[in-house]
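Below: one structure, written as structure tokens.
Values quoted throughout were computed directly from the atomic coordinates according to the rules given, and no laboratory measurement underlies them. Note that the coordinates shown come from a computational prediction; the quantities given were computed from them, not determined experimentally. Here the Cβ positions follow ideal geometry from the backbone for every residue, glycine too, while neighbour counts run over all protein chains shown.
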Amino acid sequence: MSSAAAAPPGRAILFALLVVFIDIAGIGLIIPVIPRLIEEVGHVGLDDAARYGGWLFAVFSLAQFLCAPLMGALSDRFGRRPLLLLAIGGLGADYVLHALAPTLAWLFVGRIVAGVCGGSYVIANACIADVTPPEQRARAYGWMGAAFGLGFVLGPAIGGLLGAFGPRVPFWVAAAMALANFVFGLIVLPETLPPEKRRRFRWAEANPLGALVVFRRYPGVLGLAAVAFVYFFGSAVYPAIWAFWGIAKFGWSEALVGLSLAAFGLVMAAAQGSLVGPAVARWGERRVLLIGLVFAVLVCVGYGFVTGIYTVALLVLLHAPEGFVHPMLVALMSKAVPEDAQGALQGGISAIMSLAMLAGTLFFAQVFGYFLSDAAPFRSPDMAFFIAAVVLAGALGLFALLRRQS
């Protein structure tokens, strides 16, 4: 029996969860200090820093859009383990590059490196699909979301505190975490895709546009992919402006930005880790997805009207049902695709996520920066949230239409 065939499902799932947790914790470490690092390296004010932040995220998303489908397709051909280790090692190199960056140009180089090697969660999702029967995937992807949320509990909280020692310190800590993750993977990571289940590499699925063919090939997947694109575009408002918005509207410190993100991560982890399974068992995947989209719209509108930290805290709590959206979309699409195409599917999902986040983050960062500048007809840090709520309402309407047609 091959080592892949003998790989224990529990061990594979555990490592996939650890990969996502450590990767997201590393990303969370750096978010609270990004505004100050851009201001320091670029010698700019907060409004211009927000615009540069949007471009940095857009460059990352573009690189991920171009390369994630390739990673998924290669993992279908050569197995999950080597590609996952490559992705983890690349993220560590990116953090070192950020920690040493002397200019804005080097920050952009670092974001490109991170995007190229940012397919770890794509392959981790494929690992889950390899060892989990279709009827259990919604719960497993809920655990993945919980690992994501827990990463956002510890990462931003620690990053905000470390930011007091300088904006580059969290990058060194994130690099150390990525290195530890890489070494751990070398020791314990099993191969989850046995040779007999691998398939021929197809360039049509390895390029970002060709990867989208997987959505059209299987009935019922294309509409869900459209919902995912609109949803991720609208939800890009949070990584685009959250830290800048907290500083501009409330004068938050790096520590408070980190704590607010940690609270967000705790809520999402609790919802996805403990509520997804029972919710699906009671209402079914499609109804749970609908509930999540409704809350996504309401909460986004709410941020435009908050007046202080207590109302922000209330809205963070109300984010919990929105945590259903991503795992439900992934579970519904994965059930419609055969086992030997799960890597291609995850690459395709990553492609639309990256494209949506690229466009959305860039768009909302520019909106935020514009409405803080003297060129705007009125100055407000909240307009991006109101516009994002309209976009999220579009995702809700599209999914409601698909439900009626099915």
- Query: Could you give the nm distance between label points at residue 291 and residue 226, where each point is 7 Å from its Cα heading toward the beta carbon?
  - Reply: 2.7 nm
- Item | Debye intensity ratio I(q)/I(0), log10, the stretch 65-162, q values 0.10, 0.16, 0.17, 0.25 Å⁻¹ (C-alpha model) | -0.35, -0.83, -0.90, -1.24
- Message: Explain nothing, just the number: relative contact order of the stretch 193-329, from Cα pairs under 8 Å at least 6 residues apart, as a whole percent.
- Response: 24 percent
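What is the projected area of the convex hull of the Cα atoms of the stretch 283-405, averaged over all directions, in nm²?
Values: hull surface 37.2 nm².
Projected over every direction and averaged, the Cα hull of the stretch 283-405 covers 9.3 nm².
For the stretch 75-135, what does the relative contact order come out to in percent, with C-alpha contacts under 8 Å and a separation of six or more?
Values: 44 pairs, mean separation 26.0, N = 61.
After rounding, I find 43 percent.
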- Query: Are there chymotrypsin sites (Phe, Trp or Tyr not before Pro) in the stretch 234-333 that DSSP marks as loop and that have at most 16 other Cβ atoms within 10 Å, and which are they?
  - Reply: 305
- Message: Going 7 Å from the Cα of residue 164 along its beta-carbon direction, which residues of the stretch 241-255 have the amide nitrogen within less than 19 Å of the resulting point?
- Response: 247, 251-255
- On a 0 to 90° scale, report how tilted helix 46-78 is relative to the longest principal axis of the chain, with both axes built from alpha carbons and the result rounded to the nearest 10. 10 degrees
- Message: Once R0 is set to 41 Å, what does the formula 1/(1 + (r/R0)^6) return for the Cβ-Cβ distance between residue 216 and residue 305, expressed as a FRET efficiency to the nearest 0.05?
- Response: 0.50
- Item | Total charge dipole magnitude, the stretch 39-96, about the Cα centre, Cβ charges on Lys, Arg, Asp, Glu only, Debye to nearest 20 | 520 debye
- Once both labels are modelled 7 Å past Cα along the beta-carbon direction, what's the residue 282-residue 11 spacing in nm? 3.8 nm
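Which whole-number percent gives the relative contact order of the chain, counting Cα pairs below 8 Å spaced six or more residues apart? It would help to have the intermediate numbers written out before the result.
Values: 765 pairs, mean separation 119.3, N = 406.
It rounds to 29 percent for the chain.
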- Taking the alpha carbon gyration tensor of the stretch 121-242, what are the square roots of 5 times its eigenvalues, largest first, to the nearest whole Å? 32, 22, 15
- Rounded to the nearest 10, the angle in degrees between the Cα long axis of helix 137-162 and the longest principal axis of the Cα atoms of the chain comes to 30 degrees
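Please work out the FRET efficiency for the pair residue 256 and residue 105, using the Cβ-Cβ distance as r and a Förster radius of 30 Å; give the result to the nearest 0.05. Spell out each step's value before the answer.
Values: r = 30 Å, r/R0 = 1.01.
After rounding to 0.05, the efficiency reads 0.50.
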- Message: If I model a spin label as a point 7 Å beyond the Cα along the Cα-Cβ vector, how far apart are those points for residue 380 and residue 405 in nm?
- Response: 3.4 nm
